[in-house]
Each structure stands twice: as structure tokens, then as C-alpha cells.
Amino acid sequence: MDKTQGLSRRGFLGAGFAAAAGVAATAMLGGCAPKGGASDEPSWSEEYDVVVIGGGAGGYAAAIEAAENGASVVVLEKAEKIGGDSALCDGILGGWGTRLQKDAGIELTADEVFAWFTANPEWYGSFDLEVARLNADKCGETIDWLQDIGVEFEPEVGPRFGYTELPAIHQVVGKGAAMMDVLAQAAEAAGVKTYTGSPAVRLVADEAGRIIGVRAKKGSDDFDVKANKGVVIASGGFAGSSEVLTAFNSESAGLMARSDPNMTGDGLLMAMEHGAHICKADRLPLVSSLAGLETKSPVNLNYAFRLHEIWLDAEGKRFFDESTPFESPLGHNAILRKQNAQGGAQPIAFMGTTPELKALSEKMPMQWPSAETVEEAAALAGLDPVAVKATVDAYNAACAAGRDDECGRPAEYLIPLEPPFYVAPITSMTTLSLGGLKIDVDAHVLRMKNPADKGAVHQPIAGLYAAGETCEWNCAAGWTVLTAMTTGRIAGRNAAAEQVEQ
């Protein structure tokens, strides 16, 4: 079998690098792993200063920093290939004060980035402001660090539609796959060992509660890896598991999980067994709405353009302002909640022919079911033709009046529906979970103290660190993967610096 198959949708880690670097090829443990492993008592197969769970951008940033600070490091990756969601991302990174910005004459400050974070609660919510401030302060440093280890960026820096109006966005050449290539090579050069196909299944603690290692699996065999200084959880979120999404928030039952299928919340669940404080994971994740997924013409609603469609429920009625921008979760959440209220029946996008649709069709021929009359189009969607005709007539009247009393759509987006008409179900999906492990600015995983204990409400779990989407402050437009690397670097440095009595 060709070991380069199935690496990612963008051909991540080609055969040449896999053969030369040997990072992904170190999956086999040879004679190191013990058989069975049924006992809860660890039987250490291998021993390192730092054990990193997760071979994505955050995990490798932690591993590189730990190794460069004198630690022996191993990365345990659940999948057969490294990269995870980081390899599939578009390589869009937001930062300030970088060399690229200075070369372009762009002035941007940490205060402006932090102000943008706090001014956009629809993206960030009431996340930990100290950790948000940390990421605002350090994001530019991480981009310069990536350049230093060999990641190539486009020279242009600026705002990006759907991300931020700040002149902050840096574009990786080759996107996330190329970035992961460089991170993996830098880790191997620093002496980091990587085991793929080796999911971590349990954190191992000593009698005092300090995390001292990890139990992982290779096939049906358990093997225990000792961490003399610390363990870093960088295993991503849980947007690849419908089961875990729904366990945290029952409204997610109707969501299509579109993240890497290995993103099943493993790190969160393992840390919870040791009292880790989980924050805001019960929020709805980052939802997006895709119409026409069943056809060859899928459209992300209101992402880069507007088709001026209306959204219809199972009774053929409108239920929300369809002009709500893609960046806002309000419209996406309304679609998901309507689907849940309808017992799983998807809302329908009903679209007329507009100049915007004609322009789109020149690039991507529209293959949604279509008809010349409203009634015929409604029937194609399985809706009551009479009810849909009344809805369309009322909407077109609102367009003529320049006022939408039913759903509050702004006058500038009141574009009448004209034939031919197109219909398609709207799919609610997620690629990014929200919330996770509570960490401090040193990337320690925190627990809440026992009522009988003295001291601060939050206390570190000794020997345990975390980075990236597995953490509470994990989602930022243009900062998601960068946040994973920023917190990963901090986690790796601090884990390597641990002074532990042996």
C-alpha cells in the first residue's frame, strides 16, 4: 500500500519527505511496547522529559520548544499521519509587529488586536481575557518564529474578508499542509520522536496527583510512556464527533461533524478524569450553513457573496433574517435550531435569479433543482406549493415596500425573487468546537480547588499543560491555528523547565 495515500485533501506530506525525514514513518514501536497492559499500574515502556499528545501545529510547536530547551520529547499522534486539522487549514494567520508587516509599512499594535478580540463576542464569547491578551501580545512573535524555522509566507499582509478588517492576515505559501511539513522537519531536527497511529487513552498520575505519563495504544496493545517533567495536551477539539458534540450540547444533535474524524475530544476527556476545569464546551460550536450539499453546487450562505435567497421551514414560511452575515453565528444557529424543532427536517434555501447568481453560475454552473414557477419549485423541495407561494408573494411585497416587517431584513438586501427559482436543503455543519480546558498564561491546565483547600480558586494540575483547540480560548478568525502554536510554544518551554524531584 502506498503510505502517502490519504494524508489529507491537499496531499499533505509527500512521499519524498516521509522517506527522508522519517517522522511519520516512526509509527512502529518495534519491541518497546509491552503486550496486554490490562493493569492500571503503569509499566513504563519508554521515558522522556516531555510527552506531547497530538501531532498538529500546537503539538509540534510545543515539541520543538521543549526540545530546544533541552528536553527529550515524544509526540503521540492518534492518526496514521500527522497534521490533523492544522494540515487542512488555509494557512491564514493573524498577527501584529511582524517582519512582513514592517517590510510593508504596516503599523498595528497588540492593543488593537486585543480590542478586536473583545469587540467581537460572536467569535470569542466571554473567554478568558488574560489568555486572550496573551495571544494578542504574542501572535506576531509566533509568525516570525515560523519564518525562522522555514515556513514561507506570501509577502502581502492585510485584512481578509470573513476574518478581520485589521491589516493582520499573513498567508502561508502552500497553506496548512506546507506549514506542517516544516514543523515536522524542525521537530525531527531537534530530536523529537513521533509515534503515529498511537492514540493516548489515559493520563497517568502519581499518588500526589501529579501527571507523570501517558498510556497509549498501538493496535490492541497498551504501552506506557513516562514523562519526567510534563505532559502537553494538544489533541484538538471535538468537532469530529457527533456523539461528543451532542454530549456537551444537545442542540448539536443535528449538526454534521466536518472536522478531522480524529478530533473527538480525547484530551478533554482524559483531563476531566483528573479534575480539569472545562469551560464553555457546552456552547454551540462554530456553525456554518451550506446549501445544496447534495448537489454539485454547494454554497456557503453569505460567505463571499450573497444570493439573496430566503430560508423556509417545513411549513414553507420564513423564520429569520436571511441577510445575517456569515461571520455571525445568529443565522447559522437559527437554521440549526429550526432543523431541531422540525425533528431533523432541513430548512430550504429558496432562491430566485439575480445578477449575483448569474455571476456565480459563470464560475460554477448551478445544479440545484429549479423551476419556472414558485409552485413547481416548492414541490421539488417537498413543500406545500400554496404556502410557499404566499410566502414568496409576501416577501416580494416587502421588497417593493422597502421594509420587511416579518423578519427584519434590511432594505438593501430586499431583492425580489424572480424566475427561474432554485431550491436546496440547508445543511448545518461544524469544523471547530468551542471551549475546552481552562489554562493559565503559562499553559498549565487548571482545576478548581477543593472547598477545604486554601489558595486561589483555580490551581494547576501538576505536570499537565495544554495548547490549541483543546483549550477554552481556542477560536479566532485568523488566529485559530496560530493560537495553538502560541500556547504550544509556551507549554513546551514551561514543561521543559519543570524541576521535579525524582
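The values are calculated or read from the model by the stated rules, or taken from the named source; none is laboratory data. Keep in mind that this is a model prediction, so the values were computed, not measured. So basically every Cβ, Gly included, is an ideal-geometry build from the backbone, and we count neighbours across all protein chains shown. All accessible areas refer to the heavy atoms of the entire protein, side chains included, with ligands and DNA or RNA removed. Shrake-Rupley method; radii C 1.70, N 1.55, O 1.52, S 1.80 Å.
Numbers at a glance
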item	result
Residue list for region 440-471, restricted to those being touching a residue at least 24 places away in the same chain (Cβ under 8 Å), open to solvent by 10 Å² or more (accessible area, probe 1.4 Å) and within 20 Å of residue 211 (Cα to Cα)	440, 441, 442, 444, 446, 447, 448, 458, 462
Counted residues, region 154-174 - those being crowded, with 19+ Cβ neighbours inside 10 Å and among the acidic types (Asp, Glu)	0
Selection from region 172-213 of residues that are within 21 Å of residue 225 (Cβ to Cβ) and part of a strand (DSSP E or B)	193, 194, 195, 200, 201, 202, 203, 204, 205, 211, 212, 213
Set 290, 307: member being open to solvent by less than 50 Å² (accessible area, probe 1.4 Å) and in a strand (DSSP E or B)	290
Output for region 214-238, where each listed residue is among the hydroxyl-bearing types (Ser, Thr, Tyr) and either within 17 Å of residue 274 (Cα to Cα) or in a strand (DSSP E or B) (or both)	235
Filter pass, residue 340 being in contact (Cβ under 8 Å) with a residue 24 or more places away in the chain, under 30 Å from residue 476 (Cα atoms), open to solvent by 40 Å² or more (accessible area, probe 1.4 Å) and under 32 Å from the mean Cα position of the chain (by Cα)	yes
Qualifying positions in region 343-362 - surrounded by 15 or more Cβ atoms within 10 Å (Cβ to Cβ) and either part of a loop (DSSP other than H, G, I, E, B) or at positive phi (or both)	345, 346, 347, 352, 353, 354
Hits in region 459-495 - residues which are part of a strand (DSSP E or B) and either over 26 Å from the mean Cα position of the chain (by Cα) or of a type in the set (Ser, Thr, Tyr) (or both)	459, 462, 465
Search result, residues across region 284-331 that are of a type in the set (Lys, Arg) and touching a Leu at 6+ places or on another chain (Cβ under 8 Å)	318
Residue match in region 224-240 (condition: open to solvent by 50 Å² or more (accessible area, probe 1.4 Å), over 17 Å from residue 431 (Cα atoms) and among the small types (Gly, Ala, Ser))	no
Residue within region 62-78 that is basic (Lys, Arg) and either touching an Asp or Glu at 6+ places or on another chain (Cβ under 6 Å) or closer than 22 Å to residue 231 by Cβ (or both) present	yes
Residue within region 184-203 that is touching a His at 6+ places or on another chain (Cβ under 7 Å), within 24 Å of residue 69 (Cα to Cα) and modelled with pLDDT of 95 or more present	yes
Residue 422 under 30 Å from residue 381 (Cα atoms), crowded, with 24+ Cβ neighbours inside 10 Å, of a type outside the set (Gly, Ala, Ser) and modelled with pLDDT of 95 or more	yes
Among the candidates 317, 280, 229, residue that is within 27 Å of residue 492 (Cβ to Cβ), at pLDDT 95 or above and of a type in the set (D, E, K, R)	229
Verdict on residue 177 being buried (at least 22 other Cβ atoms within 10 Å of the Cβ), over 25 Å from residue 51 (Cβ atoms) and either among the hydrophobic types (A, V, I, L, M, F, W, C) or touching an Asp or Glu at 6+ places or on another chain (Cβ under 6 Å) (or both)	yes
Of residues in region 310-337 being over 16 Å from residue 428 (Cα atoms) and either of a type in the set (Ser, Thr, Tyr) or in contact with a Gly (Cβ under 8 Å, 6 or more places away or on another chain) (or both), the one surrounded by the fewest Cβ atoms within 10 Å (Cβ to Cβ)	321
Qualifying residue in region 363-379 (condition: over 22 Å from residue 428 (Cβ atoms), at pLDDT below 95 and either in a helix (DSSP H, G or I) or out of contact with any Lys or Arg (no Cβ under 6 Å at 6 or more places or on another chain) (or both))	yes
Count of residues meeting criterion [within 20 Å of the chain's Cα centre (by Cα) and open to solvent by less than 60 Å² (accessible area, probe 1.4 Å)] in region 248-276	18
Candidates 168, 132 - the one that is part of a helix (DSSP H, G or I) and of a type in the set (A, V, I, L, M)	132
Count - residues of region 365-398 that are among the hydroxyl-bearing types (Ser, Thr, Tyr) and within 20 Å of residue 292 (Cα to Cα)	2
